């Protein structure tokens, strides 16, 4: 009953937000670099912050720093959705929010300074990678469900590391968001407020699991996004492009835009591949050395990513002909 009420509440809040977004013209206009072709409401991912708010009201004594942090990143991201902000402001707020959860999880007391610095780079990098990957219908919602689903499984069957409702509330928000987004013609897009808020949420959960188990392998629950985002950044640096400007060089963009695969199908592929990888991680947990497990996962993903260059060359040759 609790989860049904939550789902209905989020549905109502989402419909109310649509009224506000429509009134204030909070929309996403497609350009030559977009993967969509029609004007669509932006910022539908605010539902993740609403879900976090409802959870916080019910568990105010234990999750103050998490909620303040996700509120900071949601506010600055929503502002950026409406009126573009400088990268310095956004990164500064991300840094502050990450600091809050690091303090909450006791990272400063349990990890050496060099480890803390690496954690900052990874956390801020993952937040922005999640945002970079939000470009076609369904990809953020489905991928989030894939990640949160395996985290819930680990929390239930392998290692209790967090209150399970903190995972379930994120999953329910994802389902409601997908109801409006996972369509041929999406009712709304997540916007920065959605992709960055849920990325912050997931990073908090993964970091908590890493600290409890003293194992980094759980980062592989984000391997698909991580490999695509990092490799695309390296590719763009090689091409001497500004990595903060919009582009169409992610593998999912090549599949969707250049080869006209249905957006929802590409999004489903990304989620399914991540589920398979996460299942392998869980199966090999404590059976394989961490370094070897990373190699087993990352090397095949890198090989899959190189498919992008084959597809680009094939497309170029076809156009030349």
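Odds and ends about this structure:
- In this simple spin-label model, placing a label point 7 Å from the Cα along the Cα-to-Cβ direction at both residue 157 and residue 16 gives a separation of 3.8 nm.
- Segment residue 109-residue 82, length gained on full extension (0.36 nm per residue, minus Cα span): 5.9 nm
- Residue order, fewest to most surrounding Cβ atoms within 10 angstrom, among 290, 109: 109, 290
- Mean Cβ count within 10 Å, highest first, over the residues of peptides 186-195, 54-63, 259-268: 186-195, 259-268, 54-63
- For segment 1-136: rounded, prolate or oblate by the Cα gyration tensor [a/c cutoff 1.5]: oblate
- Cα gyration tensor, segment 163-275 - rounded (a/c under 1.5), prolate or oblate: oblate
- Shape summary of segment 246-288, radius of gyration then Dmax from alpha carbon positions: 14.3, 42 Å.
- Efficiency of FRET from Cβ geometry, residue 8 and residue 61, R₀ 25 Å, rounded to 0.05: 0.45
- Taking all Cα pairs closer than 8 Å and separated by 6 or more residues, the relative contact order of segment 209-321 comes to 38 percent.
- Segment 210-321: C-alpha gyration tensor shape, a/c 1.5 cut-off, then a/b vs b/c: prolate
- Kirkwood Rh, angstrom, the chain [1 / mean 1/r, Cα pairs]: 20.2 Å
- Ranked packing of 154-161, 206-213, 111-118, 143-150, most packed first, by mean Cβ within 10 Å: 143-150, 206-213, 154-161, 111-118
- The chain: relative contact order as a whole-number percent, Cα under 8 Å and 6+ apart: 23 percent
- Helical mean residue ellipticity (222 nm; -39500 (n - 2.57) per DSSP H run of 4+; nearest 500) of the chain: -23000 deg cm²/dmol
- Length-normalised contact order for segment 60-122 - Cα pairs under 8 Å, 6+ apart - percent: 39 percent
No lab work stands behind these numbers, since they all come straight from the coordinates. Computed from a predicted structure; not experimentally measured. Every residue, glycine among them, receives a Cβ derived from its backbone with ideal geometry; neighbour counts consider all protein chains shown.
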